[in-house]
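For reference, the structure discussed in these notes is given below.
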Amino acid sequence: MVSAGHDPRSAAGRPRRADARRNYERLVQQAKIAFAEFGVDASLDEIARRAGVASGTLYRHFPTRLDLIEAVLSERIAELVDLGDRLLTAEDAFDALSTWLRAALGHGLTYRGLSAAVMDSALDHDDGPVSTWHARMFEAGAALLARARQTGVIVSDADDADVLKMIGAIAWAAQGTPDSSAQADRLLALLLNGLRHGGAQG
């Protein structure tokens with residue numbers, strides 16, 4: 001399990017000089033916003049403009065679009081891992097699991113299926129940094145699922161990989177629909193009801 005505060009971004013080789021680090025952080029922050037607004041095909045030049053740097057600065061930090069996507073995903077995944085760690089000590093194991101699954105679903109929806117698709121792939125492959133980050137994300141979710149099973153608030157045969165793949169599938173199914181967030185919430189409610197059915201509090 002990844003401890004709270006662990007930052008997968010270290011694998012990306014973040015710049016050390018203060019000004020370069022500030023540029024890096026501004027670019028990642030603006031990329032988060034642009035990807036949420038326009039998807040991962042958002043204009044890189046526009047991201048650079050919003051960050052207040054030249055396009056050349058962006059390409060020095062992120063030679064390819066995938067490099068920038070991976071940097072954004074690594075930060076989002078670090079946040080989800082930290083959230084999972086904190087929720088392990090929450091009083092209500094089912095609420096803790098629900099909160100984390102909802103956050104993981106929001107992560108997938110934000111990038112219009114990209115993160116969800118990568119997460120599904122990461123459960124079956126173990127190469128590359130994105131796969132490693134999603135494996136850590138998987139561990140965070142698996143720990144919450146294990147606690148929920150142990151306390152009897154979800155069915156005992158709920159498989160970790162199955163549940164997390166369903167989160168990916170929900171994000172994928174809801175993307176591009178007029179009410180994507182509402183549809184995702186409805187589908188997540190069905191999943192949570194299925195997990196809880198037969199539990200001690202079901």
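In terms of packing, defined here as the mean over residues of other Cβ atoms within 10 angstrom, the peptides 70-79, 40-49 line up highest first as 70-79, 40-49.
Near Leu87: Cβ cut-off under 13 Å, other residues only, Lys/Arg at +1 and Asp/Glu at -1. The net charge is -3.
Note on the range 148-202: with neighbouring protein chains present and a 1.4 Å probe, carbon and sulfur make up 53 percent of its accessible heavy-atom surface. Through the Karplus equation 6.51 cos²θ - 1.76 cosθ + 1.60, θ set to phi - 60°, convert the phi angles of the range 40-53 into ³J(HN,Hα) values in whole Hz; use x for Gly and Pro. Those phi angles translate into 6, 8, 4, 4, 5, 5, 5, 4, 4, 4, 5, 7, x, 10 Hz.
The values are calculated or read from the model by the stated rules, or taken from the named source; none is laboratory data. Here the structure is a predicted model, which is why all the values come from computation and not from measurement. Positions of Cβ are generated from backbone atoms using ideal geometry, with glycine treated the same way; all protein chains shown enter the neighbour counts. For accessibility, only protein heavy atoms count, side chains too; no ligands or nucleic acids. Shrake-Rupley method; radii C 1.70, N 1.55, O 1.52, S 1.80 Å.
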